[in-house]
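Chemist: Can you read through this structure? Questions will come right after.
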Amino acid sequence: MSEDPSDDAPRRLVIRTLIGGLFGITGFAYETWATDLFGGRPGKLPPGRSIYRITGKVLVNGSAADAQTHITAGDTIETWAGAELVFAVGTSAHLVREKSHIAFKAAEGGLDHVGGVTLSEGKLLSVFGGSSSTLATPTASINQANGGSYIEADAEQTYFCNCYGASDITAIEDSQSTQSVVTKHHDKPLYIVAKAPPGNAIRAAPFINHTDQELTLIEALVGRRPPFIFPASQYNSPRSDRQYP
């Protein structure tokens, strides 16, 4: 897919800001950076509020959503072309890209905590706190223990990056294809494919289509920060082989 230069502009702003030494600094400098990048100061959402940002057509349980829509861990979400949704549920937070269909399953104890996520198609960046969650796609079953993850899914292939944390991955159509992954900073992205010789459905993948800044944003919505810290000298270009929309 072709790259959209306008979509990469905020990420170029991030790079310049990082080089200026603002990343990781608390107070006014961080707040100014965050406001410029995200169009508002990211922080823990107030009680009763689920959505940080919504653009384009988004359906929650089949009905059109707006900024006041409350999302629980038992809801389904669909984003249309050009849409994006950034929101939090309990101790988890998520960024849903366009053309995605997601069903959440509540953890034991009620609709405030996500116990499972089924991504039928589309692209989803998530961070989790508390107990582990089960992530399902047409080609993969993943147990994610806290941490952050990015998934792209369709009927033929899943892209999965365990951004930080621990996960156990099994190919749906090949029980011989399993991997346990523990990473600190996008160390082992994977493809999980539908059709492959036995034991070969999980393959190495590049780092694509998500950023540390996006992880920082959604962690902020639940009052946390990512565990990684990196100096500007080690971040002088976008960390993405961009492919979306």
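Chemist: If R0 is 25 Å, what FRET efficiency do you get for Lys57 and Asn200 from their C-beta distance, rounded to 0.05?
Modeler: 0.05
Chemist: In what sequence, largest accessible area first, do Leu45, Leu95 appear using a 1.4 Å probe? Walk me through the intermediate numbers first.
Modeler: Values: Leu45 25, Leu95 5 Å².
Largest accessible area first, the list is Leu45, Leu95.
Chemist: Using each residue's phi in segment 191-199, evaluate 6.51 cos²θ - 1.76 cosθ + 1.60 at θ = phi - 60° and report the 3J(HN,Hα) Karplus result to the nearest Hz, with x for Gly and Pro.
Modeler: 9, 10, 9, 7, 10, 6, x, x, x
Chemist: Okay, moving on. Once phi is turned into θ = phi - 60°, what whole-Hz ³J(HN,Hα) does the Karplus curve with 6.51, -1.76 and 1.60 give for every residue of segment 151-163, x standing for Gly and Pro?
Modeler: Here the 3J(HN,Hα) series is 10, 10, 9, 8, 5, 9, 7, 10, 9, 9, 10, 7, 5 Hz.
Chemist: On to the next question. Just need the relative contact order of segment 75-223 here, percent rounded to a whole number, with Cα pairs under 8 Å and 6+ apart.
Modeler: With pairs under 8 Å counted, the relative contact order is 17 percent.
Chemist: Something else about it: Just check segment 62-178 against the gyration tensor rule for me: Cα atoms, a ≥ b ≥ c as the square roots of the eigenvalues, rounded for a/c under 1.5, and otherwise prolate or oblate depending on whether a/b exceeds b/c. Provide the component values of the computation, followed by the final result.
Modeler: Numbers: a/c = 1.83, a/b = 1.26, b/c = 1.46.
Oblate, because a/c is 1.5 or more while a/b does not exceed b/c.
Chemist: When only the heavy atoms of the protein chains count and the probe is 1.4 Å, how do Glu78, Glu156 rank by accessible area, highest first?
Modeler: The ordering from most to least exposed comes out as Glu156, Glu78.
Chemist: Additional query: Tabulate in residue order the Karplus-calculated ³J(HN,Hα) for segment 84-94, using 6.51 cos²θ - 1.76 cosθ + 1.60 with θ = phi - 60°, rounded to whole Hz; enter x for Gly and Pro.
Modeler: Those phi angles translate into 8, 9, 10, 7, 9, 9, x, 9, 10, 9, 8 Hz.
Chemist: Between Gln176 and residues 5 or more places away or on another chain, which pairs have amide H atoms under 5 Å apart, with H built 1.01 Å from N, and which residues are they?
Modeler: Gly199
The values are calculated or read from the model by the stated rules, or taken from the named source; none is laboratory data. None of the values given here were measured: they were computed from a predicted structure. Quick reminder, even Gly has a Cβ in these numbers, built from the backbone with ideal geometry, and neighbours come from all protein chains shown. Accessible surface is based on the protein model in full, side chains and every heavy atom, while ligands, DNA and RNA are left aside. Shrake-Rupley method; radii C 1.70, N 1.55, O 1.52, S 1.80 Å.
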